[in-house]
Amino acid sequence: DVKVTQSSRYLVKRTGEKVFLECVQDMDHENMFWYRQDPGLGLRLIYFSYDVKMKEKGDIPEGYSVSREKKERFSLILESASTNQTSMYLCASSTGLAGLSGANVLTFGAGSRLTVL
Amino acid sequence: LAKTTQPISMDSYEGQEVNITCSHNNIATNDYITWYQQFPSQGPRFIIQGYKTKVTNEVASLFIPADRKSSTLSLPRVSLSDTAVYYCLVARPQAGTALIFGKGTTLSVSS
């Protein structure tokens, strides 16, 4: 029944390492999103994508990049991890069209907790 | 994008009805209102969505006045397991829309 799968639940990386967070959805959704969540700051949008190879910056894109080569897969990349990127990362997907499943209703993955030492 | 404002926190007791109001003064004509619930260490999950008037499902009710500048999530007879953060989000039903969350409301239910 799992619909949005994030590849790693917990990761520990070193400062300066390149980090890949993978997300796969099986609902044929057009939209995919990456958020990070920190205590007291709520959910903040990093990047989103509305089609293959298309991406848009969210509120906090600095230090991150994304890749969407296939409709079902959306990757978040930390080119050179820093300690201030220690956080919970949440991937989500939605269909933009109003319909039986709702209008732009997000389905989230379980999250990836990244610690950068 | 419509900005949303919710109370930071609310307290309740088991068995009470809880109403959480969200303000979205600059909601656009095509925008829908969606509420999510989030437990610690989990992603948010969908509770209810509406466009106008009243929507009810097995979990909650959503009340939206005619001017649509606010909405109220109503949780009937809460239990300890309803302790969570609740977010309202306003967005239009089209691809390419940034879905921005506010800070949410932390609901604490006590026995």
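The values are calculated or read from the model by the stated rules, or taken from the named source; none is laboratory data. Model, not experiment: these values are computed from the prediction. Neighbour counts run over all protein chains shown; Cβ positions are idealised from the backbone, glycine included.
Of everything listed in (1) farther than 20 Å from B:Gln38 by Cβ; (2) away from chain B (no Cβ under 12 Å); (3) touching a Lys or Arg at 6+ places or on another chain (Cβ under 9 Å), the single unmet condition for A:Asp51 is (2). For A:Phe20, the conditions (1) farther than 19 Å from A:Thr115 by Cβ; (2) of a type in the set (A, V, I, L, M, F, W, C); (3) modelled with pLDDT of 90 or more all hold with the exception of (1).
For the stretch A:11-30, give me each residue that is part of a strand (DSSP E or B) and under 15 Å from B:Gly43 (Cβ atoms).
A:Leu21, A:Cys23, A:Val24, A:Gln25 - these are the residues of the stretch A:11-30 that are part of a strand (DSSP E or B) and under 15 Å from B:Gly43 (Cβ atoms).
Here the stretch A:32-55 is the region considered, the condition is being assigned to a strand (DSSP E or B) and hydrophobic (A, V, I, L, M, F, W, C), and the residue that is surrounded by the fewest Cβ atoms within 10 Å (Cβ to Cβ) is A:Met54.
Here the condition is being aromatic (Phe, Trp, Tyr), farther than 21 Å from A:Asp59 by Cα and more than 10 Å from every other protein chain (Cβ to nearest Cβ); of B:Phe39, B:Phe46, it holds for B:Phe39 alone. Looking only at the stretch B:40-87, which residues are on the phi > 0 side of the Ramachandran plot and more than 14 Å from the chain's Cα centre (by Cα)? Residues satisfying the conditions are B:Ser41, B:Thr53, B:Arg77. Taking each residue of the stretch B:96-111 that is buried (at least 16 other Cβ atoms within 10 Å of the Cβ) and looking for partners that are basic (Lys, Arg) and part of a loop (DSSP other than H, G, I, E, B) with beta-carbon atoms closer than 8 Å, six or more apart or interchain, yields B:Gly102/B:Lys3.
Condition check ((1) away from every other protein chain (no Cβ under 14 Å); (2) surrounded by fewer than 16 Cβ atoms within 10 Å (Cβ to Cβ); (3) among the hydrophobic types (A, V, I, L, M, F, W, C)) across all residues:
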{"position": "A:Phe20", "(1), (2), (3)": "yes, yes, yes"}
{"position": "A:Cys23", "(1), (2), (3)": "no, no, yes"}
{"position": "A:Glu30", "(1), (2), (3)": "no, no, no"}
{"position": "A:Ala103", "(1), (2), (3)": "no, no, yes"}
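Here the stretch B:2-51 is the region considered, the condition is being surrounded by 13 or more Cβ atoms within 10 Å (Cβ to Cβ) and of a type in the set (D, E, K, R), and the residue that is nearest to A:Leu114 (Cα to Cα) is B:Arg45.
Scanning the stretch B:80-95 for residues that are part of a loop (DSSP other than H, G, I, E, B) and either of a type in the set (Val, Ile, Thr) or in contact with an Asp or Glu (Cβ under 7 Å, 6 or more places away or on another chain) (or both), which turns out nearest to B:Phe39 (Cα to Cα)? Residue satisfying both the conditions and the ranking: B:Thr83. The single condition from (1) among the small types (Gly, Ala, Ser); (2) modelled with pLDDT of 95 or more; (3) exposed (fewer than 13 other Cβ atoms within 10 Å of the Cβ) that B:Ala84 fails is (3). Checked against (1) away from chain A (no Cβ under 14 Å); (2) part of a strand (DSSP E or B), B:Arg77 meets all criteria but (2).
Scan the stretch A:56-72 residue by residue and report those that are of a type outside the set (A, V, I, L, M, F, W, C) and either surrounded by 18 or more Cβ atoms within 10 Å (Cβ to Cβ) or outside any strand (DSSP E or B) (or both). Residues satisfying the conditions are A:Gly58, A:Asp59, A:Pro61, A:Glu62, A:Gly63, A:Tyr64, A:Arg68, A:Lys71, A:Glu72.
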